[in-house]
Amino acid sequence: MIFDYTTCLTCSRVHGGYYEAVIQVRREENILNKEEKEEIVETIEDIGEENVISKIIEKKEGIDFYFISKKTAAKILEFLRLKYGGKIKKSFEVYGKDKSRVVSVLRLPRYKKGMFIEHNNEILFIEEAKNSLNVRTLSGEKKRFLWRNIHQKDFKVLKDLEFENVMITEITPERIQVMSLKKYDTFYFKKEDLPKDINIEIEKEYRAIRRENKLDIWWDYGSRR
């Protein structure tokens, strides 16, 4: 009996560096960190299609995947878009006589977990930015935005915020007085404007964000201490 050992077409293409499609994952106005790159690789592995990737190239700004199948690349590209959000831009590379490769850039939203953003004059803290944009207001209210409904011009990323601790120093029937423990200036807030479920007490401390001599108090931060 004579055995004829051959390599399957898929294995041959993978080991030979053949590819029909490229997916480049980037983040808008930012770079992907090591943890984010590893998570994307694990996501593709969980789909069970990693055996059709001929190579993976990590770059400073993101990560590139080379697929031996356009069909599989399109499937994974859509899965990544639905999970992480973002926009897709496609182009084509011609090789050989009548063949072309699809190069797709998936540019993830600039929003990341831990960021502060402003929407409709309200400061929001990003708790998760994967399948949807999950945020919490400074008073603790949770909100969820679907990527397809997000217009980036309506969501401003807040950078270089100035944080400081504040203390409630006076409570009257109509208002409360809050003093900055950094600059020792005072601010007044009407009780009717305070979150309904916040338990205010004299000398209780909270975290606050100062913006142009205005204080936005992170009520939820203080209540969870």
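The values are calculated or read from the model by the stated rules, or taken from the named source; none is laboratory data. Here the structure is a predicted model, which is why all the values come from computation and not from measurement. Using ideal geometry, Cβ is built from the backbone for each residue, glycine included, and neighbour counts are taken over all protein chains shown.
When the residues of the range 193-207 are filtered to those that are on the phi < 0 side of the Ramachandran plot and over 34 Å from the mean Cα position of the chain (by Cα), the one that is surrounded by the fewest Cβ atoms within 10 Å (Cβ to Cβ) is Glu201. Looking at Gln152, Gln177, just one residue is polar (S, T, N, Q), farther than 23 Å from Glu118 by Cα and either out of contact with any strand residue (DSSP E or B) (no Cβ under 6 Å at 6 or more places or on another chain) or surrounded by 15 or more Cβ atoms within 10 Å (Cβ to Cβ) (or both), and that residue is Gln177.
Taking the range 114-132 as the range and being more than 19 Å from Glu61 (Cβ to Cβ), part of a loop (DSSP other than H, G, I, E, B) and within 16 Å of the chain's Cα centre (by Cα) as the test, the residues that pass are Gly114, Lys130, Asn131, Ser132. Of the residues making up the range 133-140, one or more are more than 26 Å from Ala74 (Cβ to Cβ), in contact with a helix residue (DSSP H, G or I) (Cβ under 8 Å, 6 or more places away or on another chain) and among the small types (Gly, Ala, Ser). Taken together, the residues in the range 46-73 that are modelled with pLDDT of 90 or more, of a type in the set (A, V, I, L, M, F, W, C) and part of a helix (DSSP H, G or I) amount to 1.
Within the range 79-97, track down each residue that is in a helix (DSSP H, G or I) and free of Cβ contacts under 8 Å to residues at least 40 places away in the same chain. Even if it seems obvious, please write down each step before you answer.
First, the residues of the range 79-97 that are in a helix (DSSP H, G or I): 79-84.
Result: Phe79, Arg81.
For Ile76, the test of being closer than 24 Å to Ser132 by Cα and not in a helix (DSSP H, G or I) is failed.
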